[in-house]
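What follows is calculated from the coordinates using simple rules that are stated; it is not laboratory data. What you see is a predicted model, and the numbers here were worked out from it, not measured in a lab. A quick note on method: Cβ atoms are made from the backbone with ideal geometry, for glycine too, and the neighbour counts reach across all protein chains shown.
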Amino acid sequence: MTLLKHDCGSCHGLTMKGGLGPPLLPDTLTGKDDQELARIILDGVPGKPMPPWRFELQPDEADWLVDRLREGLK
């Protein structure tokens, strides 16, 4: 959870309401595919400030992060 709150939060806002990166709130993720979100976490977005995290995360960990984002931070 520390990775999500601090590392993701450094760009997406500590409350995930957006900042340099877009908001990552349950309602803003509606309609987005879980596998695509996990791929973005792992591989980043070329040409955007979203870095790849594959060097540090396994695919199942990226899936876990997507699940937590869908639940919303508590």
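Among [x] 56, 22, 18; [y] 49, 26, 15; [z] 26, 24, 22, only one was calculated for this model; which label is it, if the read-out is Cα extents along the principal axes in Å? Given [x] 56, 22, 18; [y] 49, 26, 15; [z] 26, 24, 22, the calculated one carries the label [z].
Only loop residues by DSSP count here, and only those with at most 11 other Cβ atoms within 10 Å; note down the GluC sites (Glu not before Pro) in the chain that meet that.
Numbers: sites: Glu36, Glu56, Glu61, Glu71; in loops: Glu56.
In loop regions of the chain (DSSP not H, G, I, E or B), the sparsely surrounded GluC sites (Glu not before Pro) are Glu56.
Backbone phi angles across segment 36-43, fed through the Karplus curve with coefficients 6.51, -1.76 and 1.60 (θ = phi - 60°), yield HN-Hα couplings of 5, 4, 5, 5, 4, 4, 6, 10 Hz in residue order; Gly and Pro are listed as x. Each Lys and Arg adds +1 at its Cβ and each Asp and Glu adds -1 at its Cβ; summed about the Cα centre, the chain shows a dipole of about 340 debye.
Taking 7 Å steps out from each Cα toward its Cβ at Gln58 and Glu36 produces label points 2.7 nm apart.
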